[in-house]
Each structure stands twice: as C-alpha cells, then as structure tokens.
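Visitor: Starting off with a structure, shown below.
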Amino acid sequence: MRVIESVADIKLAARAARCDGKTIGFVPTMGFFHEGHLSLMRAARSENDLVVVSLFVNPTQFGPNEDLDRYPRDRNRDVELAMGAGTDLLFVPRAEEIYPSDDCSRVVVRRLSEKLCGASRPGHFEGVATVVAKLFNMTQPHRAYFGLKDYQQTVVIRRMVADLHLDVDIVTLPTVRESDGLALSSRNSYLSPEERRTARCLKESLELAERRIHEGDRLGDQIRGNIRERIGREKLARIDYVSVSDPQTLDEVSQITGDVVISLAVCIGETRLIDNLVVNVTS
Ligand code: PAF
C-alpha cells in the first residue's frame with residue numbers, strides 16, 4: 001500500500017490506473033477506522049482493480065462549536081488497518097491543499113441538505129458535498145462506497161452525482177453494529193461506560209418503531225411519539241430529532257403507505273449520535 005499526501009500524486013496515480021484500463025473503487029473517510037470503514041474497503045477490494053481510501057478530517061463539515069479539534073485520530077493504526085483491508089492507495093491530504101487560502105467554491109445540494117441533520121448542523125452537507133466532489137475529481141473513481149449509517153449523506157451524495165452528471169456509481173453498505181445493536185461510529189469513543197449503556201436506546205427505539213409499523217400502526221406522529229417516549233426514559237439522552245420520512249425525498253410522512261426511513265439524532269451526554277432504519281412496508 002502506498003500512502004500519498006499530495007493532490008498532484010493522487011491525480012497521477014488515478015490517471016495512470018485509468019489509462020491501464022483499471023477500475024477504481026474509492027472509499028472516502030475521516031479515519032479512526034472501525035469495522036464499518038473496513039467493510040467498505042473490503043467491498044471496494046472485491047469489486048475493483050485499484051482501491052483508493054482517503055483519510056481527511058474535513059473542517060468544512062464541522063460547525064463552529066463542534067468536535068473538529070477533538071475528533072479522534074490515529075494515523076498509524078489507520079495505515080495498518082487500511083493495508084489489512086486490501087487498500088492500494090491511502091490518500092492523506094493536507095487541509096491547505098484541499099482548501100487553499102484563495103478557495104471560493106462550494107457545492108450546495110439544496111433542500112435535501114436542509115432537513116434532519118442539516119437542520120441542526122447548518123452547512124454540514126455543504127462541507128460534505130464539497131469535499132466529496134473534490135475527492136471524486138482527484139481520485140477519478142468508477143465506484144464510491146458509503147455506509148448507510150449516514151443515510152442522509154448517501155441521499156445527498158447520490159443527488160449531487162445525478163445533478164452534476166458525475167460518472168461514478170455510488171455503492172451503499174449496511175450499518176455495522178456492536179453485538180448490542182449500537183451502530184459503529186468513531187464518536188462512540190467519546191462515551192463513558194454509563195453513556196455507552198444508554199446509547200443502546202437508539203437501536204432499541206428504532207426496532208420498537210419497526211415492530212409497531214409491522215403490527216399495523218400507520219401514523220407517522222404516533223411512531224415518532226413511541227420513539228420519543230422510549231428515549232425520554234433515559235436520563236442521559238436528549239433528542240435532537242426523530243424522523244419518519246420518505247427514503248428518497250426525506251420528507252416527513254404523516255400516513256405510512258410505503259417504505260419509510262426512521263432516523264434519529266440523540267445526544268448522549270455531550271456526544272451526538274445518529275442512527276436509522278429503513279422499514280419496508282407493503283400497503
Ligand atoms: O462519512 C464521512 O466520514 C464523511 O462525511 C466523508 C464522506 C468522508 C466526507 O468528509
């Protein structure tokens with residue numbers, strides 16, 4: 001595995017691979033790898049000739065009072081794990097090269113970026129779309145891999161790819177979970193043991209909602225209420241949002257007549273966690 005730090009070098013490597021007729025699979029990440037990241041890398045390995053992984057804690061997707069400075073980082077461990085998962089090129093750019101001081105451009109995916117996490121984290125998806133567009137241009141992938149834990153992110157990226165006519169297939173993979181159901185996230189490392197126990201309420205409340213829908217409850221408000229009631233029992237948990245929405249438009253659903261995505265953002269102590277579940281409904 002080669003570690004590449006400069007934009008010129010990653011572009012050269014991508015161009016050379018394309019000239020040789022190789023397919024490129026790309027996994028964008030912010031590092032501090034866990035099984036979720038590794039599952040994306042392994043999928044990219046099995047479907048492409050060249051696997052490129054980027055490791056970049058993207059400053060523009062963090063709000064002014066968020067955790068950019070303390071976001072967990074462990075480059076040496078990440079290098080080992082990426083290599084073990086079959087990565088060919090690990091791209092670790094410097095922020096000054098991704099965002100030079102005279103940088104003026106941003107990618108805005110309107111509407112979809114304003115809901116759910118976008119409502120509580122203004123500018124977050126603008127930062128995500130911008131960096132992903134830049135990284136796509138640098139790495140020239142045929143396929144790019146994203147985890148469904150960030151469900152809204154996958155919807156925003158697919159929209160950007162369609163709107164900008166980018167020539168890349170977006171591949172999404174299921175959320176990887178701990179044995180008690182907690183979705184893997186680099187931010188789980190912030191949780192104290194008591195908070196970690198409390199964090200189970202996200203998956204439990206999603207499962208409760210899914211059960212209720214399958215039992216015939218079809219009112220969005222009722223399902224949102226069931227989830228709020230379940231999480232409300234946890235003294236360390238504070239709900240940011242509970243959503244029952246259309247899986248494509250992310251519009252809130254009042255009467256459930258087809259598939260829905262249930263999404264949650266919950267602060268456990270100081271740590272904001274997200275999770276979601278797509279519920280298939282045959283009306
Ligand atoms: O999902 C993430 O880790 C980030 O949002 C991404 C896609 C790497 C962009 O910085």
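The values are calculated or read from the model by the stated rules, or taken from the named source; none is laboratory data. Bear in mind that the values here come from a model prediction, so they are computed numbers and not experimental data. In this analysis, Cβ positions are derived from the backbone assuming ideal geometry, glycine residues included, and neighbour counts consider all displayed protein chains. SASA here: full protein model, heavy atoms, side chains in, ligands and nucleic acids out. Shrake-Rupley method; radii C 1.70, N 1.55, O 1.52, S 1.80 Å.
Visitor: Find the Rg to Rh ratio for the chain, where Rh is the Kirkwood radius over alpha-carbon pairs and Rg uses the same atoms.
Guide: Rg divided by Rh gives 0.97.
Visitor: Can you give me the solvent accessible area of Thr257 with a 1.4 Å probe, rounded to the nearest 10 Å²?
Guide: Accessible area, nearest 10 Å²: 90 Å².
Visitor: Here's a follow-up. Using a Förster distance of 45 angstrom, determine the FRET efficiency expected from the C-beta separation of Val3 and Leu219, and round it to 0.05.
Guide: It comes out at approximately 0.30.
Visitor: If you don't mind, there's one more thing I want to ask. About the Cα centre, and with charges only on the beta carbon of Lys, Arg (+1) and Asp, Glu (-1), how big is the dipole of the stretch 42-155? Nearest 20 debye, please.
Guide: Taking the Cα centre of the stretch 42-155 as origin, the dipole is about 380 debye.
Visitor: Hey, another quick one. For the stretch 93-202, which whole percent of the accessible surface, found with a 1.4 angstrom probe, sits on carbon and sulfur atoms?
Guide: In the stretch 93-202, the share of accessible area belonging to carbon and sulfur is 47 percent.
Visitor: Using a 1.4 Å probe, what is the accessible area per residue for the chain, in Å²?
Guide: 47
Visitor: Rounding to the nearest 10 and keeping the result within 0 to 90°, find how far the Cα-based axis of helix 124-139 lies from the longest principal axis of the chain.
Guide: 30
Visitor: Considering every pair of different Cα atoms, what Kirkwood radius, in Å, is found for the stretch 23-96?
Guide: Its Kirkwood hydrodynamic radius stands at 12.8 Å.
Visitor: Here is a follow-up. Given 10 Å bins starting at zero, what is the percent of C-alpha pairs of the stretch 69-144 in each, up to the one with the largest pair distance?
Guide: Values per bin, smallest distances first: 14, 35, 38, 13.
Visitor: Next question. From the P(r) of the stretch 43-200, can you give the percent of Cα pairs sitting at distances over 28 Å?
Guide: In whole percent, the share of Cα-Cα pairs in the stretch 43-200 beyond 28 Å is 23.
Visitor: Can I ask one more? Mind pulling up the Rg/Rh value for the stretch 146-192? Radius of gyration and Kirkwood radius, both on Cα.
Guide: We get a ratio of 1.13 for the stretch 146-192.
Visitor: Which lysines does Lys11 reach when only Cα atoms under 20 Å apart count, and residues fewer than 8 places away in its own chain are ignored?
Guide: Reachable lysines: Lys22, Lys134.
Visitor: Return the Rg/Rh value of the stretch 206-283, two decimal places, where both radii are evaluated on C-alpha atoms and Rh is the Kirkwood radius.
Guide: Using Cα coordinates only, the ratio equals 0.97.
Visitor: Moving on. Straight-line reach from Lys235: which lysines have a Cα under 28 Å away, not including same-chain ones fewer than 8 places off?
Guide: Lys115, Lys149, Lys203
Visitor: Starting from the eigenvalues of the Cα gyration tensor, five times each then square-rooted, give me the equivalent ellipsoid semi-axes of the stretch 136-283, largest first, whole Å.
Guide: For the stretch 136-283, the ellipsoid semi-axes come out as 27, 22, 12 Å.
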